[in-house]
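The values are calculated or read from the model by the stated rules, or taken from the named source; none is laboratory data. The structure displayed is predicted, hence computed values, not measured ones. Here the Cβ positions follow ideal geometry from the backbone for every residue, glycine too, while neighbour counts run over all protein chains shown.
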Amino acid sequence: MAVKYKEIADGLEQEIHDGQFDHTKKLPTEDELIKKFEVSRNTIRKAINQLVNRGLIYQVQGSGMFLREKSETDYINLGSLRGLTKDLTAKNIETKILALDVIEADEVIAKPLRCEVGAKLYYIKRLRIVDNEPFSIEISYFKKNIVPYLNEDIASSSIYSYLIDDLRLQIGFADKVINCEKIDEESARLLHVHPIDPALIIENTVCLTNGTIFELSKSLFHYQKAKILNRINFK
């Protein structure tokens, strides 16, 4: 079952995207949210903290919780664990499946995944297309004992919506490494760039709330189209 404060945060985020608070530019008070969701103050505060960390709101002591201004350009949120479709909500996103197979972990992949050599994994390679232009190539490995089933329908949509909403995985945190490399010929062809062009690369090691690694991924972004956003809150 999903953690209650995350459910509340997801619901409020959807309401923010739907424009339900555009007229006031702020969220209801803590007391109003407690009454609406019938939960404790601690649960509401955890949900609010989620929205702050997602860069959706900011708090002013004594005045309330205000919506942050929506940027005119969509960015990849470095602090997000919810996938491209959640980051680029204003864009039309298509997905082309390049590979979807069950494989056995070799020594190279087993070590960072902290699994046995020979463990079953889902290997997925996808081309993400944003507003009819190639945007990124995503290569992912999922432990099959945690993600027991994936198919092309799921992989063609939002994998993370499936993991969270259907499998009810308690996704906790991720380590992200960002670097740039010259792109290889196959990737250059898919992204419509030259092989000597650079690619922005984000590598993810994603864990459940109990610390278990369940996914390794690598995303190669079109260097002219991808922009990274990392919002920092000073406390």
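Kindly establish whether I196 is over 17 Å from L100 (Cβ atoms) and in the same structural domain as V102 (by TED's automatic domain parsing).
Numbers: over 17 Å from L100 (Cβ atoms): yes; in the same structural domain as V102 (by TED's automatic domain parsing): yes.
Criteria met by I196.
One line per residue, one yes/no per condition, for (1) modelled with pLDDT of 70 or more; (2) touching a Cys at 6+ places or on another chain (Cβ under 9 Å); (3) not in a helix (DSSP H, G or I); (4) not assigned by TED's automatic domain parsing to the domain that holds I154:
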position: K86; (1), (2), (3), (4): no, no, no, no
position: K96; (1), (2), (3), (4): yes, no, yes, no
position: A99; (1), (2), (3), (4): yes, no, yes, no
position: V102; (1), (2), (3), (4): yes, no, yes, no
position: K111; (1), (2), (3), (4): yes, no, no, no
position: C115; (1), (2), (3), (4): yes, no, yes, no
position: G118; (1), (2), (3), (4): yes, no, yes, no
position: Y122; (1), (2), (3), (4): yes, no, yes, no
If you check every pair at least six apart or on different chains, which have Cβ atoms under 8 Å apart with a residue in region 33-45 that is in a helix (DSSP H, G or I) first and a residue that is surrounded by fewer than 14 Cβ atoms within 10 Å (Cβ to Cβ) and not basic (K, R) second? I34/S40
Give, as residue ranges, the strands (runs of 3 or more DSSP E) completely inside region 128-223 that count at least 3 residues that are farther than 20 Å from E94 by Cα and either within 13 Å of the chain's Cα centre (by Cα) or small (G, A, S) (or both). 171-182, 198-208
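Yes or no, residue by residue, for (1) under 21 Å from L167 (Cα atoms); (2) exposed (fewer than 13 other Cβ atoms within 10 Å of the Cβ):
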| residue | (1), (2) |
| --- | --- |
| E107 | no, yes |
| L113 | yes, no |
| V117 | no, yes |
| Y123 | yes, no |
| V130 | no, no |
| P134 | no, no |
| S140 | yes, no |
| V147 | yes, no |
| E152 | yes, yes |
